Amino acid sequence: MTETSLYRWTRDLHLYLGLFISPFLLVFSASVFFLNHAKVATDRPTSVVTFQNLFIPAGIDTAQGPAAIPIAQAIQYQTGMTGEIGFTRFVKATRHFVFPVSRPGLEASVDLDVDGRTALVSSRKTGMLEAFGYLHKMPGPHNANIRGNWVGIRAWKWFADATIYLTLFISVSGIYLWYTLRAERAIGKVLLTAGAVSLFWIIYAVNR
Amino acid sequence: MPSTASATFEKWNRKLHYYLGLYFLFFLWLFLLTGLLLNHGGWRIAQAASHRTETGYERAMAPPRGKTDLARARDAVRQLDLQGEIEWPAVPPPRGHFVFSVARPKDASQVDIDLATKMATVQHWENGGLTVFRIFHTFSGSRYNAPGQRDWALTTIWVVAMDALAAGLILMVLGGYYMWYRLERTHTLGFLALAAGFASCAMFFASVWR
């Protein structure tokens, strides 16, 4: 590949891949302000509904981790909800099976009385920015062995990864494109150094 | 817009696009790479990024002084030679105890001061190098779904840096749209790429939103 065609390919890929991924970058960037500065009262549900005569799957009192997810989903579907199950917990003392369910626009908790076959579902509708914030944090590092138990989060993981890989490509190709501009090399190097120094100074100051 | 003003805007918009990109390059890479670690908890490297060592000790100390809990916690942090963002326990501590946590990417401590015996019991976690790296992604000192505000100056500086990166990316995207729009030869393919991006994003939201 000649230098000219390498330049053209890099420039075009930088442009078109950048345009494609830009809506996702805007979602991630806008949600940073929400995650850093917003305060939401999450303890006030917008609806509390009781479901009775539920079918209780076998093994509900012993299943843990990934094995407990299908059991929680069997309960979840009887309540008509869809979404990602955060974790599951069986409380031996009260024989209650408890799990949270979330998706963009909804946050709910299910408290199932196993012996009474009754579930109390408390849910809260969330706004658009909170939904962006939720997606920004998903799938996240916690409970990795059960994460992605809802198709929406499995799909989002692909989009989040695509955003990362394409942004990495765009940043590397951007360096190449900048370096071809001889007149901008000096100031570019100063800015690159200033950025690196700022970042490493903050990391040093926070950890010293 | 007069042609000279338009040319000036175009020139500075282009410069801003790569100046912002160059200044924030290392910040962006930090967030992209830690984002991968956070999204793939099952990866071996991501598991290594959860490594931390726990120690514990007790130390005699003067009762923490101050008009507020935060001031008392700061006094205790100073006496115990700790640093970081102060966080409060989710459940109230037992009577006669003053309990809080202090955290930063490098380490975290849970402090339980028995006010009667003037003894502090400290559980301390030292994070491994990759863990420190990963924690920077989420180190904001404030959770939208929990009460409390950030109280350590360095957390505020880091949050300003995160906000600046997010604002810088938004400016680069918007400036990029303008630069693409001015390149007439790329309109058709560019429009298709942009429409595909917005359609993917909108279809995803439409299918998961409730």
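The values are calculated or read from the model by the stated rules, or taken from the named source; none is laboratory data. If you're wondering where the values come from, they're calculated on a predicted model, not measured in any experiment. So basically every Cβ, Gly included, is an ideal-geometry build from the backbone, and we count neighbours across all protein chains shown.
When the residues of the range B:56-70 are filtered to those that are surrounded by 11 or more Cβ atoms within 10 Å (Cβ to Cβ) and hydrophobic (A, V, I, L, M, F, W, C), which remaining residue is nearest to B:ARG134 (Cα to Cα)?
B:LEU70
For A:GLY152, state whether it is assigned to a loop (DSSP other than H, G, I, E, B), within 7 Å of chain B (Cβ to nearest Cβ) and over 30 Å from B:HIS17 (Cα atoms). Talk me through it step by step, then tell me what you get.
Numbers: assigned to a loop (DSSP other than H, G, I, E, B): no; within 7 Å of chain B (Cβ to nearest Cβ): yes; over 30 Å from B:HIS17 (Cα atoms): yes.
When the stated conditions are applied, A:GLY152 does not pass them.
In the range A:116-149, what count of residues is obtained for those that are assigned to a loop (DSSP other than H, G, I, E, B) and of a type outside the set (Lys, Arg)?
First pass over the range A:116-149, keeping only residues assigned to a loop (DSSP other than H, G, I, E, B): A:116-117, A:126-127, A:138-149.
So of that shortlist, the ones also of a type outside the set (Lys, Arg) come out as A:116, A:126-127, A:138-146, A:148-149.
Of the residues in that region, 14 qualify.
Where residues in the range A:57-73 are of a type in the set (Val, Ile, Thr) and surrounded by 19 or more Cβ atoms within 10 Å (Cβ to Cβ), which of them is nearest to A:GLY86 (Cα to Cα)?
Of the range A:57-73, the ones of a type in the set (Val, Ile, Thr) are A:60, A:62, A:69, A:71.
Those still in the list that are surrounded by 19 or more Cβ atoms within 10 Å (Cβ to Cβ) too: A:69, A:71.
Details: A:ILE69: 10, A:ILE71: 13 Å.
Applying the filter and picking the extreme gives A:ILE69.
Which of the residues belonging to the range B:81-124 are farther than 27 Å from B:HIS137 by Cβ and aromatic (Phe, Trp, Tyr)?
Across the range B:81-124, the qualifying residue is only B:PHE98.
Output the residue which, of all residues in the range B:1-29 that are in contact with a helix residue (DSSP H, G or I) (Cβ under 8 Å, 6 or more places away or on another chain) and more than 26 Å from A:PHE200 (Cα to Cα), is surrounded by the fewest Cβ atoms within 10 Å (Cβ to Cβ). Quick ask: steps written out before the conclusion?
Step one: list which residues in the range B:1-29 are in contact with a helix residue (DSSP H, G or I) (Cβ under 8 Å, 6 or more places away or on another chain), which gives B:1, B:10, B:13-29.
Of the ones still in play, those that are also more than 26 Å from A:PHE200 (Cα to Cα) are B:1, B:10, B:13-14.
Details: B:MET1: 9, B:GLU10: 14, B:ASN13: 16, B:ARG14: 17.
Only one residue tops the list, namely B:MET1.
Which one of the conditions (1) of a type in the set (Asp, Glu); (2) assigned to a helix (DSSP H, G or I); (3) buried (at least 16 other Cβ atoms within 10 Å of the Cβ) does A:GLU107 fail to meet, given that it meets all the rest?
All conditions pass for A:GLU107, except number (2).
Go through the range B:165-210 and give me each residue that's small (Gly, Ala, Ser) and without any contact (Cβ under 8 Å) to a residue 40 or more places away in the chain. Outline the logic, then answer.
Narrowing the range B:165-210 to residues small (Gly, Ala, Ser): B:166-168, B:175-176, B:190, B:193, B:195-197, B:199-200, B:202, B:206-207.
Matches in the range B:165-210: B:ALA166, B:ALA167, B:GLY190, B:ALA193, B:ALA195, B:ALA196, B:GLY197, B:ALA199, B:SER200, B:ALA202, B:ALA206, B:SER207.
Could you check, for the range B:71-80, whether at least one of its residues is at the interface with chain A (Cβ under 9 Å from one of its Cβ atoms), surrounded by fewer than 20 Cβ atoms within 10 Å (Cβ to Cβ) and within 17 Å of B:ASP107 (Cα to Cα)? Quick ask: steps written out before the conclusion?
From the range B:71-80, those at the interface with chain A (Cβ under 9 Å from one of its Cβ atoms) are none; that's our starting set.
No: zero hits.
What's the total number of residues in the range B:167-197 that are under 27 Å from the mean Cα position of the chain (by Cα) and facing chain A (nearest Cβ under 7 Å)? Before the answer, list the steps.
Narrowing the range B:167-197 to residues under 27 Å from the mean Cα position of the chain (by Cα): B:167-176, B:197.
Retained after the next criterion (residues that are facing chain A (nearest Cβ under 7 Å)): B:169-170, B:173, B:176, B:197.
Number satisfying all stated conditions: 5.
Of all residues in the range B:30-55 being of a type outside the set (A, V, I, L, M), at the interface with another protein chain (Cβ under 7 Å from one of its Cβ atoms) and free of Cβ contacts under 8 Å to residues at least 40 places away in the same chain, which is surrounded by the fewest Cβ atoms within 10 Å (Cβ to Cβ)?
B:GLY42
Would you be able to say whether some residue in the range B:141-157 is surrounded by 19 or more Cβ atoms within 10 Å (Cβ to Cβ), among the small types (Gly, Ala, Ser) and at pLDDT 90 or above?
No, because not a single residue in the range B:141-157 is surrounded by 19 or more Cβ atoms within 10 Å (Cβ to Cβ), among the small types (Gly, Ala, Ser) and at pLDDT 90 or above.
Quick check on the range B:15-26. Is at least one of its residues in contact (Cβ under 8 Å) with a residue 60 or more places away in the chain, under 30 Å from A:SER22 (Cα atoms) and away from every other protein chain (no Cβ under 12 Å)?
So in the range B:15-26, the residues in contact (Cβ under 8 Å) with a residue 60 or more places away in the chain come out as B:16-17, B:20-21, B:23-24.
Still in the running and under 30 Å from A:SER22 (Cα atoms): B:16-17, B:20-21, B:23-24.
Next, from what is left, pick out any that are away from every other protein chain (no Cβ under 12 Å): none.
Looking through the range B:15-26, none of the residues is in contact (Cβ under 8 Å) with a residue 60 or more places away in the chain, under 30 Å from A:SER22 (Cα atoms) and away from every other protein chain (no Cβ under 12 Å).
For the range A:133-174, enumerate the residues that are of a type in the set (Ser, Thr, Tyr) and without any contact (Cβ under 8 Å) to a residue 24 or more places away in the chain. So that I can check it myself, show each step before the final result.
Our first condition is that a residue be of a type in the set (Ser, Thr, Tyr); within the range A:133-174, this holds for A:134, A:163, A:165, A:167, A:171, A:173.
Of everything in the range A:133-174, those that are of a type in the set (Ser, Thr, Tyr) and without any contact (Cβ under 8 Å) to a residue 24 or more places away in the chain turn out to be A:TYR165, A:SER171.
Which of the residues that make up the range B:96-114 are out of contact with any His (no Cβ under 7 Å at 6 or more places or on another chain) and either more than 25 Å from B:GLY35 (Cα to Cα) or aliphatic (A, V, I, L, M) (or both)? Outline the logic, then answer.
Step one: filter the range B:96-114 for residues out of contact with any His (no Cβ under 7 Å at 6 or more places or on another chain), giving B:96-106, B:108, B:110-111.
Listed by number, the residues that qualify are B:GLY96, B:HIS97, B:PHE98, B:VAL99, B:PHE100, B:SER101, B:VAL102, B:ALA103, B:ALA108, B:GLN110, B:VAL111.
Given the condition buried (at least 17 other Cβ atoms within 10 Å of the Cβ), touching a residue at least 60 places away in the same chain (Cβ under 8 Å) and over 19 Å from the mean Cα position of the chain (by Cα), answer yes or no: does some residue in the range B:115-122 qualify? Give the steps one after another, and end with the answer.
Of the range B:115-122, the ones buried (at least 17 other Cβ atoms within 10 Å of the Cβ) are B:120, B:122.
Keeping just the survivors that are touching a residue at least 60 places away in the same chain (Cβ under 8 Å) gives B:120, B:122.
Checking which are over 19 Å from the mean Cα position of the chain (by Cα) leaves us with B:120, B:122.
Yes, the range B:115-122 has at least one match.
Quick one: in the range A:74-104, of everything that is outside any strand (DSSP E or B), surrounded by 18 or more Cβ atoms within 10 Å (Cβ to Cβ) and in contact with a helix residue (DSSP H, G or I) (Cβ under 9 Å, 6 or more places away or on another chain), which residue is farthest from the other protein chains (Cβ to nearest Cβ)?
A:THR88
Go through the range A:3-47 and report how many residues are surrounded by fewer than 13 Cβ atoms within 10 Å (Cβ to Cβ) and outside any helix (DSSP H, G or I).
5
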